[in-house]
1. Here's a check for you: in segment 75-97, which residue that is in contact (Cβ under 8 Å) with a residue 60 or more places away in the chain and touching a strand residue (DSSP E or B) at 6+ places or on another chain (Cβ under 6 Å) is nearest to residue 54 (Cα to Cα)?
2. Which pairs have Cβ atoms under 7 Å, sit 6 or more apart or on different chains, and link a residue in segment 1-28 that is exposed (fewer than 11 other Cβ atoms within 10 Å of the Cβ) to one that is modelled with pLDDT of 95 or more and not in a loop (DSSP other than H, G, I, E, B)?
3. Residues being crowded, with 17+ Cβ neighbours inside 10 Å and over 14 Å from residue 80 (Cα atoms): count how many of those fall in segment 38-59.
């Protein structure tokens, strides 16, 4: 197991990507696309493979942010339930992105402050 810690938690990176690139209820996107964008930014463990992203994808589905609309081996197609809104968490000092009907707490796993 790697000791790499990203400067922005992976959960927040994924939500930021969805907000910036896929923030429309009619837009389909995949975990592969998200993974490529995270790799492009370089704030991840370079030993990761697409399978390492799976728990985070499951987490955003379980939160009510996205839904899995199809799956083929390691590729998961997703859609958001509703557009995300940008907030700033004063507790962890990160910009965060959450849906209106999601639990209104910071998705940063080390914070979880009510927004």
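The values are calculated or read from the model by the stated rules, or taken from the named source; none is laboratory data. This is a predicted model, so every value here is computed, not measured. Because the Cβ atoms are built from the backbone with ideal geometry, glycine has one as well, and the counts that use them run over all protein chains shown.
1. Taking segment 75-97 first, the residues in contact (Cβ under 8 Å) with a residue 60 or more places away in the chain are 80, 83-84, 86, 94-97.
With the extra rule that they be touching a strand residue (DSSP E or B) at 6+ places or on another chain (Cβ under 6 Å), the set shrinks to 80, 84, 86, 95-97.
Values: 80: 17, 84: 21, 86: 24, 95: 23, 96: 20, 97: 19 Å.
Per the stated criteria, the residue is 80.
2. Listed by first residue and then by second, the contacts come to 25/79; 25/80.
3. Start the filter on segment 38-59 by keeping residues that are crowded, with 17+ Cβ neighbours inside 10 Å, which leaves 38, 44, 50, 53, 56-57.
When the remaining residues are screened for being over 14 Å from residue 80 (Cα atoms), the result is 38, 44, 50, 53, 56.
Qualifying residue count, segment 38-59: 5.
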